[in-house]
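Peer 1: One structure, as structure tokens, below. Some questions next.
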Amino acid sequence: MNTKKVATLQGRIRRIKEKILAIDEMRPGSLSEQFNVCGNPNCRCKDPDHPKKHGPYYQISYTRKGKSKTEFVRKEMVAGVKRELKNYQKFKKLVDEWIDLSIEVGKLSRQGYTKK
Ligand SMILES: [Zn+2]
């Protein structure tokens, strides 16, 4: 069993846990911008030469427990939502690294008990 290597990997896992603890609000999904036309035939959004659509409107789409959802996001909330999306990506990446390291630690540890 490669004790030194295992200790190194465990150290990396510890640092990942610390980083995860530092993450606050998060949410999965992706944010999109939309521009719409309305029902008023005389509106600027229907101008034949220079139509100017309404918007942007923001919405977030995500899947939780097998269900896809879309929610509107108010303009003043966009910055916060972007931050939460970034946090979620960070969280996923860290968990992924943790899993990889953990698999490696498991393999190295078990080598100590395996007779070849
Ligand atoms: Zn319009």
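Nothing in this text is a laboratory measurement; each read-out follows from the coordinates by a stated rule. No experiment lies behind these values; they were computed from the predicted model shown. Glycine gets a Cβ as well: all are built from the backbone with ideal geometry, and neighbour counts include every protein chain shown.
Peer 1: Quote to one decimal, in nm, the extra length available between Arg74 and Thr3 on full extension: 0.36 nm per residue of separation minus the C-alpha distance between them.
Peer 2: Extra length from Arg74 to Thr3 when fully extended: 20.3 nm.
Peer 1: Shifting gears a bit: Specify the angular offset, from 0 to 90 degrees and rounded to the nearest 10, of the alpha carbon long axis of helix 78-111 from the longest principal axis of the alpha carbons in the chain.
Peer 2: Long axis of 78-111 versus the principal axis of the chain: about 20 degrees.
Peer 1: Hey, another quick one. Could you work out how much longer the chain between Gln34 and Trp98 gets when fully extended? Use 0.36 nm per residue separation minus the Cα distance between them, nm to one decimal.
Peer 2: Taking Gln34 through Trp98 to full extension adds about 19.3 nm, to one decimal.
Peer 1: Of His54, Cys43, Gly106, which is farthest on the positive side of the dipole of region 3-111, counting Cα position, with +1 on Lys and Arg Cβ, -1 on Asp and Glu Cβ, and the Cα centre as origin?
Peer 2: Gly106
Peer 1: Can you list the lysines whose alpha carbon sits under 24 Å from that of Lys4, skipping same-chain ones fewer than 8 residues off?
Peer 2: Lys17, Lys19, Lys107, Lys115, Lys116
Peer 1: Given only helices, namely DSSP H runs of n ≥ 4 each adding -39500 (n - 2.57), what is the per-residue ellipticity at 222 nm of the chain, to the nearest 500 deg cm²/dmol?
Peer 2: It comes out at -16500 deg cm²/dmol, rounded to the nearest 500.
Peer 1: Turning to a different aspect of this structure: Give me a comma-separated list of calculated 3J(HN,Hα) values for region 32-47, in order, Karplus coefficients 6.51, -1.76, 1.60 applied at θ = phi - 60°, integers in Hz, x for any Gly or Pro.
Peer 2: Once rounded to whole Hz, the list reads 9, 9, 10, 10, 10, 10, 9, x, 7, x, 9, 6, 4, 6, 10, 4.
Peer 1: Name the lysines eligible as straight-distance cross-link partners of Lys53: C-alpha to C-alpha under 21 Å, and not fewer than 8 places from it in the same chain.
Peer 2: Here the lysines satisfying the reach criterion relative to Lys53 are Lys75.
Peer 1: Based on alpha-carbon positions alone, could you give the equivalent ellipsoid semi-axes of the chain from the gyration tensor, as √(5λ), descending, whole Å?
Peer 2: The equivalent ellipsoid of the chain has semi-axes of 51, 14, 10 Å.
Peer 1: Any chance you could give the angle, 0 to 90 degrees and rounded to 10, that helix 3-21 forms with the longest Cα principal axis of the chain?
Peer 2: Computed tilt is about 30 degrees.
Peer 1: Sort 38-51, 84-97 by packing, meaning the average of other beta carbons within 10 Å per residue, with the highest value first.
Peer 2: Highest to lowest by the protection proxy: 84-97, 38-51.
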